[in-house]
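These notes are about the structure you will find just below.
The values are calculated or read from the model by the stated rules, or taken from the named source; none is laboratory data. These figures come from a predicted structure and were not determined experimentally. Glycine gets a Cβ as well: all are built from the backbone with ideal geometry, and neighbour counts include every protein chain shown.
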Amino acid sequence: MARRERYQPPEDLARGESAYTRYRAVIDDWQAFCDALQRPLSPCLRANTTRLTRDELDKLLRDEGWDPRPLGWQGDALLVDGGFRPGHHWGAIAGLYQIQEAASLLPVQLLDPRPGERVLDLCAAPGNKTVQVADALGNRGTVVANDASAGRLGALGQAVKRHGVVNVSQTVRDGQGMPWAAGRFDKVVVDAPCSCEGTFRKTATAAEPTSPAFRQRLVQRQQRLLLRGMALTRPGGTVVYSTCTFAPEENEAVVAAALARCSGAFELIPARVAGLQLSPGLEAWDGVDFGADMAACGRLWPHHNDTGGFFVALLRRVDDGSSQSEDPLPLPEEPRARTLLQTFEDELGVSAEVLDGLTAFFEGSKYAKVVAADHTAAGGIPVVRSGIPAVRAQTRPPKPSTAGVMALGHHARGAVLELERAEVYAFFRREPLLLGPERGSGLREGGHVVLRHRGHTIGIGMYRNGAMVSLFPKAWSRAAGGTVG
Ligand SMILES: C[S@@+](CC[C@H](N)C(=O)[O-])C[C@H]1O[C@@H](n2cnc3c(N)ncnc32)[C@H](O)[C@@H]1O
């Protein structure tokens with residue numbers, strides 16, 4: 001993956017010509033806006049609520065000498081200053097939190113997905129909003145995560161596995177023509193590709209002006225994506241449209257055009273979030289009138305809440321919605337996959353009740369996979385992946401996968417070992433850990449062991465000849481690279 005540019009404060013944004021000069025008339029305090037863009041963002045972490053609460057994450061960081069503070073308007077998120085490097089911490093490698101810019105938490109916060117709902121994330125990669133939705137659904141039910149780019153979905157797959165979420169199916173389609181066979185959705189996220197002007201505090205190139213021709217191509221795509229997302233929403237359901245740009249052409253104009261095309265089938269719901277200063281959407285721009293109802297959209301200006309820039313619109317389907325979509329069926333269980341999943345009960349002491357909440361199946365022959373029992377995938381369209389790999393099928397004995405352990409390890413009541421901080425990083429580097437006779441007592445020779453640090457699952461090992469062999473995946477270890485230790 002391309003290395004993200006390090007934040008470089010610009011020389012003097014307020015005086016220079018930049019992509020933002022055209023918005024000067026609609027920004028309430030131009031100097032404060034420019035000043036905000038010149039400050040780096042505080043790292044923002046969202047607790048993986050399938051594994052720990054925000055308060056538990058707060059305590060864990062505080063005990064290590066950091067000073068996190070709640071984001072406030074998003075209940076699971078913390079900001080951590082003081083030089084904290086969120087991607088290098090053992091908690092990130094073990095999937096205890098998602099590193100996500102605060103502004104980008106807004107669309108899902110507004111959409112408010114609830115357990116039992118079926119959710120489509122139409123432009124999903126690299127998956128930040130997908131896992132946010134997956135958590136909000138309580139790691140049950142269905143998230144269909146689609147992206148036009150198979151390559152970018154690779155990063156989403158990694159996030160899903162590290163996070164241990166079992167309610168996501170991934171599809172690679174042009175979202176503009178997402179097939180009706182994907183089924184109908186209670187909630188839809190259209191986090192559209194855009195000119196990214198609001199990401200300046202992460203990537204200084206965001207201040208370079210967007211060419212009109214490029215913008216025009218983006219706008220056409222954004223309109224078609226939003227319209228398709230709306231068409232796949234069931235009556236009473238909601239769609240959130242979002243971009244990380246300031247351009248009204250990509251924001252209010254897209255929403256106004258989509259509403260006009262749907263003639264009364266959708267209405268805007270005011271985009272308001274307690275504790276967050278959101279400015280109303282623009283009613284007109286550059287001589288084009290979008291209509292007074294566009295004030296219900298939300299604009300997040302960087303200087304109001306010390307964030308990046310974002311735009312959101314929340315639309316509810318109010319017609320009776322004769323739909324071309326069918327409701328898909330749950331995935332069928334496969335008995336051989338269920339037998340392999342039994343490893344989690346037999347070796348690691350995960351209760352039958354927990355395992356009964358999952359469907360076990362195969363996608364290829366390498367792994368028995370699991371998905372939430374009430375998951376309904378994407379009906380009649382090819383799915384790249386559903387759920388996560390849980391047990392490696394072709395090894396003797398079958399090996400619980402790291403993704404499976406991320407999803408189920410906190411339920412283990414059997415072979416479990418607590419590691420010291422230095423041992424955690426050695427484990428990530430795939431080094432064997434010598435255990436004294438006391439720590440090894442009770443562990444079965446050749447048996448799998450859930451490894452934890454401060455009570456939180458970090459992976460799986462095998463006890464052999466008095467040592468813990470690290471089964472941390474090579475690819476994950478490489479990704480952690482020189483950052484650990
Ligand atoms: C703003 S990013 C999405 C970020 C993502 N929602 C997250 O929170 O991690 C926009 C995404 O749209 C995808 N995209 C672009 N054109 C698309 C299309 N026609 N259909 C579906 N996805 C598309 C891009 O590959 C990109 O991953």
Worksheet item: Between a first residue in segment 236-254 that is within 18 Å of THR199 (Cβ to Cβ) and within 14 Å of the ligand (Cβ to nearest atom) and a second residue that is of a type in the set (Asp, Glu) and at pLDDT 95 or above, which pairs have beta carbons less than 7 Å apart while being 6 or more apart in sequence or on different chains?
Response: SER242/ASP191; THR243/GLU250
Worksheet, complete the sentence: Over segment 140-162, the set of residues under 17 Å from PHE185 (Cα atoms), out of contact with any Pro (no Cβ under 8 Å at 6 or more places or on another chain) and not aliphatic (A, V, I, L, M) is THR142, ASN146, ASP147
Fill in: Filter pass, LEU259 being over 20 Å from ALA102 (Cβ atoms), within 16 Å of the ligand (Cβ to nearest atom), modelled with pLDDT of 95 or more and not in a loop (DSSP other than H, G, I, E, B)
no
Item to complete: Go through segment 10-129 and tell me which helices (runs of 4 or more DSSP H), entirely inside it, have 1 or more residues that are out of contact with any Ser or Thr (no Cβ under 7 Å at 6 or more places or on another chain) and of a type in the set (D, E, K, R).
Response: 30-37, 54-63
Practice prompt. Please give the number of the condition THR203 fails out of (1) within 14 Å of the ligand (Cβ to nearest atom); (2) of a type in the set (S, T, N, Q); (3) within 27 Å of GLY91 (Cβ to Cβ); (4) buried (at least 18 other Cβ atoms within 10 Å of the Cβ).
Written response: (4)
Worksheet item: Can you tell me which residues in segment 166-219 are under 30 Å from ARG385 (Cβ atoms), assigned to a helix (DSSP H, G or I), touching a helix residue (DSSP H, G or I) at 6+ places or on another chain (Cβ under 8 Å) and among the small types (Gly, Ala, Ser)?
Response: GLY175, GLY177
Discussion item. For segment 112-129: of the residues being farther than 19 Å from GLN176 by Cβ and small (Gly, Ala, Ser), which is nearest to the ligand (Cβ to nearest atom)?
Written reply: GLY127
Item to complete: Go over the candidates GLN109, GLN132, GLN158 one by one and state the one that is within 14 Å of the ligand (Cβ to nearest atom) and farther than 25 Å from HIS410 by Cα.
Response: GLN109
Discussion item. Kindly evaluate GLY138 against the criterion of being more than 16 Å from the ligand (Cβ to nearest atom), within 28 Å of ARG234 (Cβ to Cβ), surrounded by fewer than 24 Cβ atoms within 10 Å (Cβ to Cβ) and of a type outside the set (A, V, I, L, M, F, W, C).
Written reply: yes
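Just for segment 171-189: of the residues that are among the aliphatic types (A, V, I, L, M) and near the ligand (Cβ under 9 Å from one of its atoms), which one is surrounded by the fewest Cβ atoms within 10 Å (Cβ to Cβ)?
Filtering first and then ranking leaves VAL172.
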Fill in: Residue match in segment 146-153 (condition: more than 10 Å from the ligand (Cβ to nearest atom), polar (S, T, N, Q), surrounded by 24 or more Cβ atoms within 10 Å (Cβ to Cβ) and modelled with pLDDT of 95 or more)
no
Response to the item:
Counting only residues in segment 368-385 that are farther than 13 Å from GLU333 by Cα and under 19 Å from the mean Cα position of the chain (by Cα), the one surrounded by the most Cβ atoms within 10 Å (Cβ to Cβ) is identified as ALA378
